[in-house]
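**Q** Structure incoming, see below.
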Amino acid sequence: MATFLPARPARPARPLLGALRPRRTPGTPPDTAPRPAAPEPRSAVVAAAIYDDGVRTARYDNLAETFSALRSRPGGMAWIGLERPEEAELTSLAREFDLHPLAIEDAIQAHQRPKIERYGDTLFVVLRAARYLDATEEVEFGELHVFVGPDFVVTVRHGASPDLAAVRARLEADRAMLARGPEAVLYAILDSVVDGYAPVVAGLDHDIDEIESDVWGGAPDVSRRIYELSREVIDFQRAVRPEQKVCASLAKGADKYDVDPELQAYLRDVADHLTEVADRIEVFRAALRDILTVAATLVAQRQNEEMKHLSEVSIRQGEEVKKISGWAAILFAPTLVGTVYGMNFDVMPELGWAYGYPAALVGMLAVSVGLFGVFRWKRWI
C-alpha cells in the first residue's frame, strides 16, 4: 500500500569519519572509555492486547508483535492504546488496518472538534475529555481519537485525560460486555469520557457560587474571573454539544449495522447523561450572564456613589471658599485705607483735620459692615 503521509525531509549529508574523530598521536594508547549508548526512541504504545471471546489472551509492548498475534487469531480482537504517537507508528497502523488517510492526518495534527466519520467498515471518532483541576480551579481538556474496525480498536490520546487504563480494567472484569466486540469498547470509552464531565460540572458550579459571593462582596477582580469562567464554560460546551451528535449518529446507525440491543441501551444512557451536562452548561452560561450584569450594575452604583460623594465634597469646598473670599473682601477695605494712611508723607489729604482719624475709622467700619451685609444677603457668609 502506497504511503499517503507527507514525505520526510531529506537527511543532511554525514561528515567524513576523519572529521569526527581526532587523530591519535603514535605511541599513545587508544581511547578505551565507554561511549554513551544512544537513547532508545520513545514508544507511544501505552497498552496493546489481544482478546478472544472477552478474555485477554496476550499483551504486547510494540505494534509489530500485536499485528502478528492478531493475524494468527482470526476471531480475536486487538485493542491498541497510543499516546501522542509519532508519524511512523500511525503509518504502520494505517497499513495494517487500512485506515483512511484523512483520519490519520487528523490523528497526527490533533486539535479536532468531536465528530464521527465512517470510512468503509471503519469508524473514526474524535472525543474531547475534560477534567477539573482543584489546585488552579481550571478545566483541562484532552483529545481522544478512536479507530473502530471489525476486529480492532485503536485509541490515540492527546492529553492526560481520559484514564483509559481504568476503562480497560473495567471491561476486562466484565467478560460478557467485552465479548460484544469493538463496539462495546467504543461505548465504554464514550461512557468514561461523559462520566468525567460530572466533576467538571460540580467544579464549575462551585466556582459560580464563589463568584456570586465575590460580586456582592465587592471583590476588585471579579469581572476578570467571570470572563475567564465564561470562556471555560464555552470551551466545555464546544466539547459536549458535538458529542451529542456523535451519540445521535451512533444510535441512528445501530439498526442498520445490527448493533447489540444491550449496547443500544448503553448508548441511550450515555446520551441521557450528555443531555444533562448540556442542560447544566446552558444554566451556567445564563447564570454567568446574569452575574456579569449584576456586577456591572454594582460597579455603576459604586461609581455613582463616589461621584455623588465627590460632588458633595466639591460643594462644601465651594462654600468654604466663598466664606473665605467674603471675609477677605471685608478685611480688604480697612486694610487698604490703613495702608494708605500708614505712609509717612508730609503732604497727604486731611492730615491737618482734627476729625480725620475718627472719620477714617468710621469709614472703614462702614465699608466693612456694608460688605458683610451684602455677603450675608448673598449667603456667602
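Where a number appears in this text, it was derived from the coordinates with a stated rule and is not lab data. What you see is a predicted model, and the numbers here were worked out from it, not measured in a lab. Note that we place each Cβ from the backbone using ideal geometry, even for glycine, and neighbour counts take in every protein chain shown.
**Q** Which of TRP79, TRP380 has the fewest other C-beta atoms within 10 Å, and how do the rest follow up to the most?
**A** Listed from fewest to most nearby Cβ atoms, that is TRP380, TRP79.
**Q** Provide the per-residue ³J(HN,Hα) series for the range 50-57, in order, calculated from phi with Karplus coefficients 6.51, -1.76, 1.60 and θ = phi - 60°, each as a whole number of Hz, with x at glycine and proline positions.
**A** 10, 10, 10, 6, x, 10, 6, 9
**Q** Let me ask you something else. Would you mind working out the magnitude of the charge dipole of the range 42-174 relative to its Cα centre, with +1 at each Lys and Arg C-beta and -1 at each Asp and Glu C-beta, to the nearest 20 Debye?
**A** With Lys and Arg at +1 and Asp and Glu at -1, about 180 debye.
**Q** Can you list the trypsin sites (Lys or Arg not before Pro) in the range 249-311 that are in a DSSP coil and have 10 or fewer other beta carbons within 10 angstrom?
**A** Those that pass, being in a loop and sparsely packed, are LYS256.
**Q** Could you pull out every one of the lysines with an alpha carbon less than 22 Å from that of LYS115, ignoring same-chain neighbours closer than 8 positions?
**A** Partners within reach: LYS245, LYS252, LYS256.
**Q** Could you list which residues have their amide H under 5 Å from that of GLU143, counting only those 5 or more apart in sequence or on another chain, with H placed in the peptide plane?
**A** ALA129, HIS158, GLY159
**Q** Under 24 Å between alpha carbons, and skipping anything fewer than 8 positions from LYS322 in its own chain: which lysines qualify?
**A** Hits, sequence-local ones excluded: LYS308, LYS378.
**Q** Among VAL294, VAL125, VAL201, determine the one that fluctuates most according to a GNM of the chain built with springs between C-alpha atoms less than 10 Å apart.
**A** For the chain, modelled as a Gaussian network with Cα springs under 10 Å, the answer is VAL294.
**Q** In deg cm²/dmol and to the nearest 500, what is the mean residue ellipticity at 222 nm of the chain if only DSSP H runs of at least 4 residues count, each as -39500 (n - 2.57), divided by the residue total?
**A** On the way: 11 runs with 217 residues, N = 381.
Estimated from H runs of four or more residues: -19500 deg cm²/dmol.
**Q** Once semi-axes √(5λ) of the Cα gyration tensor in Å is worked out from the coordinates, which option in [x] 87, 36, 16; [y] 34, 26, 24; [z] 27, 24, 22 does it equal?
**A** Checked against the structure: label [x].
**Q** Please report, in debye to the nearest 20, how large the charge dipole of the chain is about its Cα centre when each Lys and Arg carries +1 at its beta carbon and each Asp and Glu carries -1 there.
**A** 1580
**Q** Follow-up question, since we're still on this one. To test your reading of the geometry: what angle, between 0 and 90 degrees and rounded to tens, separates the Cα axis of helix 182-195 from the longest principal axis of the chain?
**A** Taking Cα atoms only, the helix is inclined about 20 degrees.
**Q** Treating only the Cβ atoms of Lys and Arg (+1) and Asp and Glu (-1) as charged, compute the dipole magnitude of the range 245-381 about its Cα centre; round to the nearest 20 debye.
**A** Values: 15 positive and 17 negative charges, 188 e Å.
Charge dipole, the range 245-381, about its Cα centre: 900 debye, nearest 20.
**Q** While we're on this one: If amide hydrogens are placed 1.01 Å from N in the peptide plane, which non-local residues have theirs closer than 5 Å to the one on ASP174?
**A** Here nothing satisfies the definition.
**Q** Output needed: percent of Cα pairs per 5 Å distance bin for the range 60-121, bins running from 0 to the one holding the longest distance.
**A** Bin by bin from 0 Å, the calculated values are 3, 14, 26, 25, 19, 10, 3, 0.
**Q** Using θ = phi - 60° and the Karplus form 6.51 cos²θ - 1.76 cosθ + 1.60, what ³J(HN,Hα) does each residue of the range 141-152 get, whole Hz, x for Gly and Pro?
**A** With the stated coefficients, the range 141-152 comes to 10, x, 10, 10, 10, 10, 9, 10, x, x, 9, 7 Hz.
**Q** While we're here: With springs only between Cα atoms under 10 Å, which of GLN317, GLN244, GLN112 fluctuates most in a Gaussian network model of the chain?
**A** Result: GLN317 has the largest fluctuation of those listed.
**Q** Place +1 on the Cβ of every Lys and Arg and -1 on the Cβ of every Asp and Glu in the chain, take the dipole about the Cα centre, and give the residue among SER192, TYR119, ALA360 whose Cα lies farthest towards its positive end.
**A** Highest projection toward the positive end goes to ALA360.
**Q** Out of LEU171, LEU288, LEU102, whose Cα points farthest toward the positive end of the dipole of the chain (charges: +1 Lys, Arg; -1 Asp, Glu; placed on Cβ)?
**A** Working it through, the farthest residue towards the positive pole turns out to be LEU102.
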